[in-house]
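The values are calculated or read from the model by the stated rules, or taken from the named source; none is laboratory data. The shown structure was predicted, so the numbers you read here are calculated from the model rather than taken from an experiment. With ideal geometry, Cβ positions are generated from the backbone for all residues, glycine too; neighbour counts draw on all protein chains shown.
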Amino acid sequence: MNLAVMLNIIARLLFFESDINVFLLILLIVAGVLGVAYALRVKTINELNRKLEDTVREKTAELMNLNSRLEIMNAAIDAEKEYFRVTFESIEDGVIALDLEGNVILVNKAAENILGIEEEDIKNYQLVALFESMLEDNDKAKSKYFDVSDFDEFISMKNVQMIINAKDQKRKILQVNSSEIKEHDAVQGVVFIFKDKTELVAIENQLAVSQKMESIGQLAAGIAHEINTPLQYVSDNVNFLDHSFYYVMEYTALLKKTLDELDPPESVKKNIEDKEKEYDLEYLKEEVPNALEQTHIGIQRVSRIVLSMKDFAHPGTKEKSYYDLNHGIEVTANITRNKWKYIADLELELDPKLPNVYCSLDQINQVILNMILNSVDAIDEKIKAGLYEKGTIRIKTENREKDVEIVIWDDGIGIKEENMHRVFDPFYTTKEVGKGTGQGLAICHDIIVNKHKGRILINSRYKEGTKFIIRLPNSEGAF
Ligand SMILES: Nc1ncnc2c1ncn2[C@@H]1O[C@H](COP(=O)(O)OP(=O)(O)OP(=O)(O)O)[C@@H](O)[C@H]1O
Ligand SMILES: [Mg+2]
């Protein structure tokens, strides 16, 4: 109520009715006091409201601030997660983490690729069983590393080399490391990190083989040079003796004829006849030329081998150029003669129309050498199995339209159907330890297919024989 209106009412009451006035006055005073109290209360409530609003505004601002900090933190965590994911996925080594029950909890892409199996399938496996199913037989025997009961070994493998047959059917050499995952000093699981070292080992071996070949080549060239000089005068002297013996025989025949014409006394005749018998002149006349002829053939053979030794792995043939493959094959057949001559015949059917081929002759010689040695081993195995006494190796060359073809065939023990797809794998060998390294055909494949853009095909029947067909483009850049 407005103050002026209230005063107006009070004045009117005071002037007109005094008893009632007193009562009304008291009433008015009470009302006034109540009014003032009410007004004061309203004011307090308003103030409290304002304060409350201020506090709410303050707290809201604080909350908003907190919220945006939380959002920033969440974004940072997401970014870190993504960073971890990308890093994890781009590690070229396989990484698999296990919990203490052996369950796979983390697998990266490289692990899938190396083991030839998808993440989901890896997770379905117990890792130990997975690795054990892939280990080579000889590795299985010593698979202590996957013996979980020996926990210390299991969680602390350091550069352990394993050969596995991965689920994509490829034979791989892995280098495995493992270590425990700890949280507040308590072991929570194990992480395996493994590298696929197959190619690296193959390259190292190939390098070692070519270095060996190179040093053999250099050694052979040196020895060949040393042998060549004396061989030359031995050959000249044999020729000289051959001619001289012929002259001496001619001269002796003339002397004998003249003597017969002069008709010397009986005692002289007898003396001469006795000497003829004693020295067996008839025999010498026949056999000395034969002996000299054989010596001559022998010297020619030695000289051919020496020449081949010089030609084989000659440093000059390392670089690619146009080479006569037929000659390379003859050379290789010659230097391996000692390996095959007792157990096999080696037949060459070399196409005289073969064009020179753009290649590294050094490497092609190495391929032919590996193939001949494999054939020798296959024939040897068949002989030892009592299936025959002597085998045959045949090397044929042919000029085809776009390429030249080299066929290396043998009638040795052959390859079992189920092993055919593995023969080019590095380290695959059926030979006893120390005899074969399983590198020969892997190197041949690399030389023909990768280094010369050629092809290599295989055809084999167990107990019957094996045929390798090599096709090389006959000019640079063909295929
Ligand atoms: N001509 C062949 N006849 C039968 N089996 C063969 C023949 N060539 C190769 N093989 C088979 O292929 C496997 C692999 O051959 P590869 O030449 O790569 O290795 P290796 O001969 O065993 O050893 P290395 O050549 O390193 O001494 C051989 O162990 C053998 O089982
Ligand atoms: Mg071999």
Checklist line | Number of the condition not met by Ile395 [criteria: (1) in a loop (DSSP other than H, G, I, E, B); (2) touching a strand residue (DSSP E or B) at 6+ places or on another chain (Cβ under 7 Å)] | finding: (1)
Note to self: Given the condition among the small types (Gly, Ala, Ser) and surrounded by 15 or more Cβ atoms within 10 Å (Cβ to Cβ), answer yes or no: does some residue in region 292-312 qualify?
What the structure shows: yes
Notebook entry, point to check: Looking at this structure, is Glu432 assigned to a loop (DSSP other than H, G, I, E, B), within 16 Å of ligand 2 (Cβ to nearest atom) and of a type in the set (D, E, K, R)?
Noted result: yes
Notebook entry, point to check: Residues Ala61, Ala110, Ala76: which one is at pLDDT 90 or above and in the same structural domain as Glu180 (by TED's automatic domain parsing)?
Noted result: Ala110
Notebook entry, point to check: Which of the residues that make up region 364-387 are touching a residue at least 12 places away in the same chain (Cβ under 8 Å), more than 12 Å from ligand 1 (Cβ to nearest atom) and not aliphatic (A, V, I, L, M)?
Noted result: Asn365
Notebook entry, point to check: Looking at Ala224, is it part of a helix (DSSP H, G or I), over 25 Å from Ser90 (Cβ atoms) and of a type in the set (A, V, I, L, M, F, W, C)?
Noted result: yes
Next item on the list: Considering every residue within region 443-451, establish whether at least one is near ligand 1 (Cβ under 8 Å from one of its atoms), assigned to a helix (DSSP H, G or I) and modelled with pLDDT under 95.
Entry: yes
Notebook entry, point to check: Restricting attention to region 409-428, does a residue exist that is more than 8 Å from ligand 1 (Cβ to nearest atom), in contact (Cβ under 8 Å) with a residue 24 or more places away in the chain, crowded, with 21+ Cβ neighbours inside 10 Å and closer than 18 Å to Asp324 by Cα?
Noted result: no
Margin query: For region 388-398, give me the residue count where each residue is within 21 Å of Cys444 (Cα to Cα) and either of a type outside the set (A, V, I, L, M) or more than 16 Å from ligand 1 (Cβ to nearest atom) (or both).
Written below: 4
Check: How about region 317-363: which of its residues are without any contact (Cβ under 8 Å) to a residue 40 or more places away in the chain, under 14 Å from Ile395 (Cα atoms) and either buried (at least 21 other Cβ atoms within 10 Å of the Cβ) or among the aromatic types (Phe, Trp, Tyr) (or both)?
Finding: Val331
Check: (1) within 15 Å of ligand 2 (Cβ to nearest atom); (2) part of a helix (DSSP H, G or I): which one isn't true of Ile383, the others all being true?
Finding: (1)
Next item on the list: May I ask you to verify whether Asp274 is at pLDDT below 90, over 30 Å from Ile299 (Cβ atoms) and either among the basic types (Lys, Arg) or in the same structural domain as Ile299 (by TED's automatic domain parsing) (or both)?
Entry: no
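Taking the stated definitions as given, is Lys463 part of a loop (DSSP other than H, G, I, E, B), closer than 19 Å to Ile413 by Cβ and within 16 Å of ligand 2 (Cβ to nearest atom)?
Numbers: part of a loop (DSSP other than H, G, I, E, B): yes; closer than 19 Å to Ile413 by Cβ: yes; within 16 Å of ligand 2 (Cβ to nearest atom): no.
No.
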Checklist line | Boolean, Val376 is modelled with pLDDT of 95 or more, within 12 Å of ligand 2 (Cβ to nearest atom) and either crowded, with 21+ Cβ neighbours inside 10 Å or of a type in the set (A, V, I, L, M) (or both) | finding: yes
Note to self: Quick check on my filter: what residues within region 257-282 are assigned to a helix (DSSP H, G or I) and either among the acidic types (Asp, Glu) or within 60 Å of the chain's Cα centre (by Cα) (or both)?
What the structure shows: Asp260, Glu261, Glu266, Glu273, Asp274, Glu276, Glu278, Glu282
Notebook entry, point to check: Are any of the residues in region 286-300 farther than 30 Å from Asn334 by Cβ and either out of contact with any Phe, Trp or Tyr (no Cβ under 7 Å at 6 or more places or on another chain) or modelled with pLDDT of 90 or more (or both)?
Noted result: yes
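Residue by residue, here is whether (1) among the hydroxyl-bearing types (Ser, Thr, Tyr); (2) under 19 Å from Ile329 (Cα atoms); (3) within 13 Å of ligand 2 (Cβ to nearest atom) holds:
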{"position": "Glu405", "(1), (2), (3)": "no, yes, no"}
{"position": "Trp409", "(1), (2), (3)": "no, yes, no"}
{"position": "Glu417", "(1), (2), (3)": "no, no, no"}
{"position": "Pro426", "(1), (2), (3)": "no, no, yes"}
{"position": "Thr437", "(1), (2), (3)": "yes, no, yes"}
{"position": "Cys444", "(1), (2), (3)": "no, yes, yes"}
